[in-house]
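Here's the structure, in structure tokens; my notes come after.
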Amino acid sequence: MIVEKQKARATLLGRRKRAIIILSLLAVVLIAAAVTINHFVRFVPFTDVDGTEYRVMRKAGKFGLYDKDGNKLEAEDEYSFFVTPAGTLVDVDADTGATQIIAQVDTEDGEANDDRNQLLIFPKIGQKELSKLEVHNDKGSFTFLRYDVENDRPDNKFGFAIESSPLVNFDQMRFTELYVNAGYTMCTEKIKDPIKDERGEFSEYGLVSETRTDEEGNPYEYEPAYYIITDIAGKSHKVIIGDMLVTGGGYYAQYVDISGEVEKKRDAVYVLQASVGDTLLDSVETFVSPQIVYQMSVSDYLDVENFSVFRYEGGELPEYVVDFTFIPLEERQGTILANKPFVFEHEALEGYNPNVDNISAALYNLYGLSYEKVCKLSPEDEDFVKYGLAKFVETTDEKGNAVKDIEYTPKYILSFYYDLLDAAGQKASTIKQVVYVSEANEVGNYYAYTFVYEGHPDSDKKDKDEKFLFAYDMICEISAHSFEFLNWKQTKWINNNYIDNNIAFIDTIDIKSGDYSASFDLDNTKTQQDGQNVSSALLEVHATDSKGHDTTTFSTITVMDKDGVYWTVTPTDLSVTNYKGQSGTITSAYLAYNRLGRQVKCYDGYIETYDGYKIKASPDTIEIIAPNGVRKEYVRYATSLFRQFYQTLLVGTIVDEYKLSEAEEAALLADDSKLLLTMTVKDTEGSVKEFKFHKLTSRKAYITINGDGGFYVMTDRIEKILTDAEKFFNNIPIDPMTKN
């Protein structure tokens, strides 16, 4: 709208004269460019400089300018220039409907027009001209600064940072919206004759500090929002943002000249677009890109060391949940850990096997954390308390005076080491991240904050003189599913199969229960290995028990007969070759089924060797008669039978946690009457695990591995280990999946 000052400076007659001159110069162009509106078209849209839509319509044989409700805008009599609420003069050709913007409101006191003749509170400041943007509103204060890309932040080429948290990344699209609203102050309206209070201030529009009353009648102190924007030349502009229009179409604003020693408010009230409320009236947290852990890549998110979870359960100290480390493939190929990328570090779980699938799922959730929002950037003590990460405690200072101190009390503490890679993908450094996580809130989500330290992944340096580097400096709300693993029982972290080793790496197995005991010595030296994939194709076993059994299995027997032909006998096959290595045919060989139901090749008669031995290959046995008449017999399927027994061990599972106090556990383990079974397994790399099972109930047994417990198994599986061991010695087929 045209204000009185503008009328004084540019009278209606003056504007008409300028319009006449403009029309005279453009007459030829207008006549040539005029497009006659078809009589059958109801209207043609016209967009004003402020974005308002109008319609050019023909009524009573003449074209005019109308609003969307069909109301004709006012026009100046002599030249028929229509005046829009934004103050724009529009010429509408009454005969053709052609339109032309003739003039608009004059600028004053530092105002400006953009290239579309729209009114700006001050000349436009774009990204290239922006140096600093300082915002103050009822949600807090924050400042964005331009920095030297080459020297200050070579990792971030965008060129701006949040002053209080320069290392924090932010949403660049949101920031663009912010500086556009701040630096491009397009007014949808300039208030005509704005109302002033008794102090001469525009309190009617929310542009002044004052005491207000809320809906419940309670007084509160109101402070209008404002921002200060500075260009790279050092010129600053301050804009106060007041109340929203009752229509919701924008916000009242006032310009403040801060170029002098004293601030000077411009005697004018503007209406800025409603979009300023989404940026200049918002909190800094809505601009920040949430971050709780260092951004991992999909190719190396599993590569963590000393990943640990501790949980407060009401005591003074957090309780240990899990601690594991990733082992690179190149370090474990050809070892007992070939298929186990993780190992437990803490002694409480050292003898147990990690659950690879569950651990991978937990780390994947950490890699792809689902954020709800940034709750607080640069949090103070009160914020840590508010979001359940700390509490205030009363202490005394050196003089005995009571003081309030903060104590960090998160529900969970998550920490791990992670390698940072250089541009070539090589390890550049290691960081240790310690994440404080709150208890779940009312919707199941979590609040988290992270400290980052200079890490020492080497075992002799861990936790020693670790230097604090920085914090991501924000408390974030994390979706419930991302941190679900924090509530896992230990049984989710461990592989329920307490024996989970490749049989090729087993050296000895000893079992003892009451008066019965058995020992199994495994020999895999005849099997050729490729260095990466270890096989057990030629495994042999020597086993004895307390009942006098003594069993030796075989993998292959090769002899030369009297004719110089080489015979090879295996648990399932029979073959011959000549001295040149050429295969031959055994005409008297036949196929039969052994006791395990497997087809094997047999020989009708004896193989007579060149040195006087006789060998008979039957379905279930291999009989060898020495020249002196001594007979020796091998059970042909004995190795397969042992593999079935070993599968019985592999099938044994931990059911769930069974927590005992230290005193309760000590008493149980000291009671020999409760000891059901002791099993010792030694692998070929020298590691020994001792499994003990103590009776808890008729169906439950407490398991310890190398003395560490906390879990239970079913007693029927313990009984099956013993019965299947005796089946092995008695050459009885074993079904690992049955209960007996």
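The values are calculated or read from the model by the stated rules, or taken from the named source; none is laboratory data. On a predicted model such as this, the values are computed, not experimentally measured, just so you know. Note: ideal-geometry Cβ built from the backbone for every residue, glycine included; neighbour counts use all protein chains shown.
Could you please let me know if Val651 is surrounded by fewer than 19 Cβ atoms within 10 Å (Cβ to Cβ), without any contact (Cβ under 8 Å) to a residue 60 or more places away in the chain and within 30 Å of Thr551 (Cβ to Cβ)? Taking the combined requirement at face value, the residue does not satisfy it. Could you list all residues from region 91-102 that are at pLDDT below 80 and crowded, with 19+ Cβ neighbours inside 10 Å? Within region 91-102, Ile102 is the sole residue that qualifies. Could you tell me whether any residue of region 206-216 is touching a residue at least 24 places away in the same chain (Cβ under 8 Å) and not in a loop (DSSP other than H, G, I, E, B)? No, there is no match, as no residue in region 206-216 is touching a residue at least 24 places away in the same chain (Cβ under 8 Å) and not in a loop (DSSP other than H, G, I, E, B). Filtering region 185-237 down to residues that are surrounded by fewer than 17 Cβ atoms within 10 Å (Cβ to Cβ) and touching a Leu at 6+ places or on another chain (Cβ under 9 Å), which residue is modelled with the highest pLDDT? Taking the candidates together, the pick is Glu201.
For residues in region 297-345 being in a loop (DSSP other than H, G, I, E, B), β-branched (Val, Ile, Thr) and touching a strand residue (DSSP E or B) at 6+ places or on another chain (Cβ under 9 Å), which is modelled with the lowest pLDDT? Residue satisfying both the conditions and the ranking: Ile336. Within region 335-348, residues that are over 15 Å from Glu685 (Cα atoms) reach partners that are of a type in the set (Phe, Trp, Tyr) and not in a strand (DSSP E or B) with beta carbons closer than 7 Å, at six or more positions or on different chains, in the pairs Phe344/Tyr352.
Being surrounded by fewer than 17 Cβ atoms within 10 Å (Cβ to Cβ) and of a type in the set (D, E, K, R): is that true of Asp323 here? Here the answer is no, as Asp323 does not meet what is asked. Out of all the residues in region 590-598, is one or more surrounded by 12 or more Cβ atoms within 10 Å (Cβ to Cβ), closer than 16 Å to Ile557 by Cβ and not aromatic (Phe, Trp, Tyr)? So far as region 590-598 goes, no, none of its residues is surrounded by 12 or more Cβ atoms within 10 Å (Cβ to Cβ), closer than 16 Å to Ile557 by Cβ and not aromatic (Phe, Trp, Tyr). Scan region 539-571 for residues that are in contact (Cβ under 8 Å) with a residue 60 or more places away in the chain and in a loop (DSSP other than H, G, I, E, B) and the total you get is 7.
Matching residues to (1) touching a residue at least 40 places away in the same chain (Cβ under 8 Å); (2) not in a loop (DSSP other than H, G, I, E, B):
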position	(1), (2)
Asp357	no, yes
Pro379	yes, no
Thr395	no, yes
Ile413	yes, yes
Leu420	yes, yes
Ser429	no, yes
Val435	yes, yes
Val443	no, no
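Across region 280-296, what is the total count of residues that are assigned to a helix (DSSP H, G or I) and either among the hydrophobic types (A, V, I, L, M, F, W, C) or out of contact with any helix residue (DSSP H, G or I) (no Cβ under 9 Å at 6 or more places or on another chain) (or both)?
Adding up the residues that qualify gives 2.
Please determine, by comparing only the residues of region 243-279 that are in contact with a helix residue (DSSP H, G or I) (Cβ under 7 Å, 6 or more places away or on another chain) and in a loop (DSSP other than H, G, I, E, B), which one is nearest to Thr107 (Cα to Cα). For region 243-279, the residue satisfying everything is Val269.
Of all the criteria given as (1) under 20 Å from Tyr417 (Cβ atoms); (2) surrounded by fewer than 16 Cβ atoms within 10 Å (Cβ to Cβ), the one not satisfied by Gln333 is (1).
For region 572-589, which residues satisfy the criterion of being assigned to a loop (DSSP other than H, G, I, E, B), among the small types (Gly, Ala, Ser) and surrounded by fewer than 12 Cβ atoms within 10 Å (Cβ to Cβ)?
Passing the criteria: Gly581, Ser588.
Here Val239 qualifies as in contact (Cβ under 8 Å) with a residue 12 or more places away in the chain and within 16 Å of Thr143 (Cβ to Cβ). Going through (1) touching a helix residue (DSSP H, G or I) at 6+ places or on another chain (Cβ under 9 Å); (2) buried (at least 18 other Cβ atoms within 10 Å of the Cβ) one by one, Thr639 falls short only on (1).
Of the residues that make up region 577-588, is at least one in contact (Cβ under 8 Å) with a residue 12 or more places away in the chain and of a type in the set (Val, Ile, Thr)? Checked region 577-588: at least one residue is in contact (Cβ under 8 Å) with a residue 12 or more places away in the chain and of a type in the set (Val, Ile, Thr).
Among the residues of region 681-698, how many are closer than 17 Å to Leu349 by Cα and at pLDDT 95 or above?
Summing the residues that are closer than 17 Å to Leu349 by Cα and at pLDDT 95 or above in region 681-698 gives 7.
Among the residues making up region 414-444, those that are buried (at least 16 other Cβ atoms within 10 Å of the Cβ), under 30 Å from Glu313 (Cβ atoms) and of a type in the set (Val, Ile, Thr) are Ile431, Val434, Val435, Val437. When restricted to residues that are at pLDDT below 90 and assigned to a loop (DSSP other than H, G, I, E, B), region 400-411 contains 2.
For region 251-270, a residue qualifies if it is over 43 Å from the mean Cα position of the chain (by Cα) and either farther than 25 Å from Leu145 by Cβ or not assigned by TED's automatic domain parsing to the domain that holds Phe142 (or both), and the qualifying residues are Gln254, Val262, Lys264, Lys265, Arg266, Asp267, Ala268, Val269, Tyr270. Within this structure, Leu668 fails the test of being out of contact with any Ser or Thr (no Cβ under 6 Å at 6 or more places or on another chain), part of a loop (DSSP other than H, G, I, E, B) and over 24 Å from Thr508 (Cβ atoms).
Among the listed residues Ile705, Ile732, which satisfies the condition of being among the aliphatic types (A, V, I, L, M) and under 24 Å from Ser661 (Cβ atoms)?
So the residue among Ile705, Ile732 that is among the aliphatic types (A, V, I, L, M) and under 24 Å from Ser661 (Cβ atoms) is Ile705.
Here is a yes/no grid of residues against (1) touching a residue at least 40 places away in the same chain (Cβ under 8 Å); (2) in a loop (DSSP other than H, G, I, E, B); (3) of a type in the set (Asp, Glu); (4) buried (at least 18 other Cβ atoms within 10 Å of the Cβ):
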| position | (1), (2), (3), (4) |
| --- | --- |
| Ala701 | no, no, no, yes |
| Gly710 | yes, no, no, yes |
| Ile718 | yes, no, no, yes |
| Ile721 | yes, no, no, yes |
| Asn740 | no, yes, no, no |
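Restricting to region 395-453, name every residue that is hydroxyl-bearing (Ser, Thr, Tyr) and under 22 Å from Tyr371 (Cβ atoms). Tyr408, Tyr412, Ser415, Tyr418, Tyr436, Ser438, Tyr446, Tyr447, Tyr449, Thr450 - these are the residues of region 395-453 that are hydroxyl-bearing (Ser, Thr, Tyr) and under 22 Å from Tyr371 (Cβ atoms). From the residues in region 298-334 that are out of contact with any helix residue (DSSP H, G or I) (no Cβ under 8 Å at 6 or more places or on another chain) and hydroxyl-bearing (Ser, Thr, Tyr), which one is farthest from Glu407 (Cα to Cα)? Among those that are out of contact with any helix residue (DSSP H, G or I) (no Cβ under 8 Å at 6 or more places or on another chain) and hydroxyl-bearing (Ser, Thr, Tyr), it is Ser299.
Taking region 121-163 as the range and being at pLDDT below 90 and in contact with a Gly (Cβ under 6 Å, 6 or more places away or on another chain) as the test, only Val149 passes.
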